[in-house]
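No value in this document is a laboratory result; all are computed from the given coordinates. Just so it is clear, the model here is predicted, and its values are computed rather than measured. Because the Cβ atoms are built from the backbone with ideal geometry, glycine has one as well, and the counts that use them run over all protein chains shown.
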There are 2 protein chains.
Amino acid sequence: MASSSRPMREQVEEYICSLQENIVSAFEKVDPDAPAFKRDSWTRPQGGRGLSCLFAVPHPSTGLAPQHECVLEKAGVNISIVHGTLPPAAVKQMRADHSSIPSELDGKSLPFFAAGISLVIHPRNPHAPTVHANYRYFEITEPSEGQEGQGQGKVIAWWFGGGSDLTPSYLYEEDAVHFHKTLKDACDPHGAAIYPTFKKWCDEYFYIPHRQESRGIGGLFFDDLSEEPHKRFLGDTNAQRPHTPADIFAFVRSVGDAFVPSYLPLLERRMHAPSTERERRWQLLRRGRYVEFNLVYDRGTKFGLMTPGARVESVLMSLPETARWEYMSDMGGDGEGSPEGRVTLVLKNPREWV
Amino acid sequence: MASSSRPMREQVEEYICSLQENIVSAFEKVDPDAPAFKRDSWTRPQGGRGLSCLFAVPHPSTGLAPQHECVLEKAGVNISIVHGTLPPAAVKQMRADHSSIPSELDGKSLPFFAAGISLVIHPRNPHAPTVHANYRYFEITEPSEGQEGQGQGKVIAWWFGGGSDLTPSYLYEEDAVHFHKTLKDACDPHGAAIYPTFKKWCDEYFYIPHRQESRGIGGLFFDDLSEEPHKRFLGDTNAQRPHTPADIFAFVRSVGDAFVPSYLPLLERRMHAPSTERERRWQLLRRGRYVEFNLVYDRGTKFGLMTPGARVESVLMSLPETARWEYMSDMGGDGEGSPEGRVTLVLKNPREWV
């Protein structure tokens with residue numbers, strides 16, 4: 001499925017490596033006196049490698065805590081490029097969304113390749129929103145003689161997935177609009193159907209049923225995007241969306257490149273806002289909801305925790321430094337009566353921002 | 001299945017109400033200057049009632065925070081007595097452990113009754129352990145004319161479940177021994193097989209696979225205990241265990257009554273221990289693991305979150321006030337080299353305490 005002379009897997013690997021570096025250096029420039037991100041490279045015994053870039057503020061008890069209050073509280077920008085063998089059950093499950101996997105392969109294990117970038121940024125200031133983004137490429141290949149897991153065989157199926165979404169503790173409408181507009185502007189040149197379709201998917205995905213509210217104010221979410229028919233576009237046969245490998249990769253690069261301009265201006269605008277203990281308390285309660293979503297519902301997290309040999313520390317890097325739970329909290333239930341109520345209303349009734 | 005002149009459901013309701021009151025007042029006496037537990041009674045539109053007794057320290061931002069440091073940080077002692085109709089899928093699932101449910105009832109909805117007490121105590125001091133206990137009674141009855149959900153029909157199946165377990169941040173062997181010995185002493189008069197069987201079950205149940213460690217240092221766990229054969233005793237046909245409704249209820253009362261003596265002496269011993277910021281940090285990291293277990297694995301929590309109309313605030317009352325996550329924390333990985341390492345070793349290798 002190489003659209004240029006180079007295999008897609010190589011192109012994706014190169015892209016996510018450079019995107020990771022760009023994102024990490026952008027955050028390091030915002031707060032030059034904070035500790036640098038810790039670069040932690042790893043290899044997977046079953047095949048592959050990764051580079052985790054993590055930010056944490058040393059706990060006061062370590063004696064290493066910085067003198068100033070850091071802009072970020074906890075953050076991770078991780079990439080992984082792995083390959084291996086998918087068990088028959090996983091192959092069968094993937095066939096539901098990828099008809100290019102022939103049914104003759106039922107009951108067979110197949111080589112896979114996966115490369116992705118995944119990031120979560122939890123800033124310290126309660127007025128600065130948490131943000132998450134993830135872009136990934138997946139390939140299933142024919143078994144190749146003597147090179148099991150190296151995935152040098154012919155590509156049977158491939159797809160891209162990903163997205164980006166914003167989780168504010170306090171609602172600033174101009175921030176929500178900027179975030180969504182930047183993503184929409186990155187989508188639109190690649191097909192008018194993309195933004196509305198993936199925005200809606202995002203609202204549906206990042207939903208916490210037991211709280212009857214969304215995790216945040218949305219963004220984009222998509223999966224299984226390839227040249228095959230796609231369930232999310234089925235109702236609209238004229239849907240404008242990319243189809244070829246090159247066009248889909250161009251779309252993914254476009255939204256990947258939009259991450260920094262979608263988020264950094266919001267961070268810079270809010271990171272030194274005055275805040276109260278009450279606002280900090282609300283932020284930590286919201287972080288509790290973030291933990292609930294990620295541990296109870298997030299497919300990536302669940303998949304990661306269930307996968308033997310998965311790197312748990314990377315899977316759970318999305319969790320905040322601190323979260324708080326109160327029984328029947330008195331915060332957030334008063335609708336328009338308070339800033340906490342106002343953001344809660346929006347989480348219960350997702351809006352169109354652009 | 002009434003063994004005395006009164007139906008078991010009435011006897012259980014009476015018992016858990018009085019146990020709740022005894023437990024709450026025991027904690028209130030330990031720290032008389034702390035705010036009282038908040039009593040929050042509720043009714044379930046579909047049938048039933050409950051009383052939640054909750055302790056929380058008001059956040060500093062409220063201006064209501066007490067002058068002294070409270071012994072408890074967050075605690076809940078809840079009872080619920082509910083009835084309703086079990087959907088066919090649930091009936092079918094329960095038949096796996098309860099052969100007294102006839103297969104003719106497959107595909108039918110049946111009335112149920114459930115009464116239980118559930119509690120979690122998170123003390124403030126890092127040297128004082130968290131504790132959890134839960135005892136419950138479940139009944140399935142024949143549909144009764146004109147009284148759907150009132151459960152006045154003949155009892156088709158019934159069982160007790162429950163247990164109690166301890167989660168210390170720091171290991172004090174004498175505390176672990178006291179806790180287990182008190183439970184064992186409560187079990188032994190009811191059958192020599194009970195403690196070893198349910199202790200083992202507890203170690204298996206409160207396990208966090210992705211961390212490869214136990215949530216705590218164990219206690220008792222059991223379910224589906226009735227006059228029917230029980231899967232946990234199958235290997236031992238002479239297993240000494242209670243069989244009749246009256247004998248099983250007597251065993252449950254015995255371990256329920258053992259809660260306060262199993263735990264309160266530990267709390268009193270540790271609640272004023274000097275502690276450092278580092279120890280507080282470790283306690284909050286351990287609370288993070290507690291959250292991971294409860295949200296990812298605990299059957300009661302998962303069932304509660306998935307049940308439409310469930311009282312989410314009660315389901316999640318087990319979560320701590322605050323939890324912390326660090327990527328690749330430097331605490332706890334050094335084995336015998338530190339107190340944090342020592343408790344981690346025990347969590348990875350459950351011990352026999354008595």
Over region A:218-354, relative contact order from alpha-carbon pairs under 8 Å, at least 6 apart, %: 15 percent
Checked region A:9-65 with the C-alpha gyration tensor, a ≥ b ≥ c its square-rooted eigenvalues, rounded below a/c of 1.5, otherwise prolate if a/b is larger than b/c and oblate if not; verdict oblate
Assigning unit charges at the beta carbon (Lys, Arg +1; Asp, Glu -1) and nothing else, what dipole magnitude in debye, to the nearest 20, does the protein assembly as shown show about its Cα centre? 0 debye
Sequence order, region B:178-188: Karplus ³J(HN,Hα) from phi using 6.51 cos²θ - 1.76 cosθ + 1.60, θ = phi - 60°, Hz rounded, Gly and Pro as x, gives 4, 4, 5, 5, 4, 5, 4, 4, 6, 7, 3
Per residue of region B:68-74, in order, report the coupling 6.51 cos²θ - 1.76 cosθ + 1.60 (Karplus, θ = phi - 60°) as ³J(HN,Hα) in whole Hz, putting x for Gly and Pro. 9, 7, 6, 5, 8, 9, 7
Which shape class, rounded, prolate or oblate, goes with region A:229-309 when its Cα gyration tensor gives a ≥ b ≥ c as root eigenvalues, a/c under 1.5 marks rounded, and past that a/b bigger than b/c marks prolate? oblate
Counting sequence-distant residues (5 or more places) and residues on other chains, those with an amide H built under 5 Å from that of A:Ala157 are A:Ile140
Mean projection of the alpha-carbon convex hull of region A:1-40 over all orientations, in nm²? 3.5 nm²
With A:Leu51 itself left out, Lys, Arg at +1 and Asp, Glu at -1 over residues whose Cβ is under 10 Å from its Cβ give 0
On average, how many beta carbons from a partner chain sit within 10 Å of the beta carbon of a residue in B:287-297? 4
Give me D for the protein assembly as shown in µm² s⁻¹, whole number, from Stokes-Einstein with Rh from the Kirkwood sum over alpha-carbon pairs, 25 °C and 0.890 mPa s. 88 µm²/s
How many percent of the alpha carbon pairs in region B:54-111 exceed a separation of 14 Å? 69 percent
Area projected by the alpha carbon convex hull of region A:1-120, averaged over all directions, nm²: 10.5 nm²
How do B:Arg351, A:Arg241 line up, fewest other C-beta atoms within 10 Å first? B:Arg351, A:Arg241
GNM of chain A, Cα pairs under 10 angstrom: of A:Asp40, A:Asp188, A:Asp223, the biggest fluctuation goes to A:Asp40
Once amide H atoms are built 1.01 Å from N in the peptide plane, which residues 5 or more positions from B:Ile208, or in another chain, come under 5 Å H to H? B:Glu213, B:Ser214, B:Arg215
Would region B:48-196 count as rounded, prolate or oblate if I go by the C-alpha gyration tensor, calling it rounded below 1.5 in a/c and otherwise prolate when a/b exceeds b/c, oblate otherwise? oblate
Can you tell me which of A:131-140, A:85-94 comes out highest on packing, and rank the rest after it, using the mean Cβ neighbours within 10 Å? A:131-140, A:85-94
Inter-part distance where region A:165-217 and region B:156-225 are each reduced to a Cα centre, Å: 45 Å
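Averaged across A:311-323, how many Cβ atoms of other chains sit within 10 Å of each residue's Cβ atom? Working shown, then result.
Details: counts 0, 6, 5, 2, 1, 6, 4, 1, 8, 4, 7, 6, 11.
The per-residue average across the peptide is 5.
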A:Ala239 long-range amide H proximity, modeled H, under 5 Å: none
Once every DSSP H run of n ≥ 4 in chain A is given -39500 (n - 2.57) and the sum is divided by its residues, what mean residue ellipticity at 222 nm do you get, rounded to the nearest 500 deg cm²/dmol? -10500 deg cm²/dmol
Give the order of A:Val155, A:Val177 when sorted by the count of other beta carbons within 10 angstrom, beginning with the fewest. A:Val177, A:Val155
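Roughly how many debye, to the nearest 20, is the charge dipole of chain A about its Cα centre, given +1 on each Lys and Arg Cβ, -1 on each Asp and Glu Cβ, and no other charges?
Computed charge dipole of chain A: roughly 420 debye.
Ranked from highest to lowest mean number of other Cβ atoms within 10 Å per residue, what is the order of the peptides B:18-29, B:198-209?
Those peptides, ordered most packed to least, come out B:198-209, B:18-29.
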For B:Thr197, what is the net charge nearby, where nearby means another residue's Cβ is under 14 Å from its Cβ and Lys, Arg count +1, Asp, Glu -1? -1
With springs only between Cα atoms under 10 Å apart, run a GNM on chain A and tell me which of A:Pro66, A:Pro320, A:Pro245 wobbles the most. A:Pro66
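How many partner chain Cβ atoms sit within 10 Å of a residue's Cβ in peptide B:49-55, on average, as a whole number? Don't jump to the answer; show the numbers that get you there.
Values: counts 0, 0, 0, 2, 0, 3, 1.
Mean partner-chain Cβ count within 10 Å for B:49-55: 1.
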Semi-axes (Å, rounded, descending) of the ellipsoid equivalent to chain A per its C-alpha gyration tensor are 35, 24, 19
Dividing the Cα radius of gyration by the Kirkwood radius, what Rg/Rh value follows for region B:134-245? 1.08
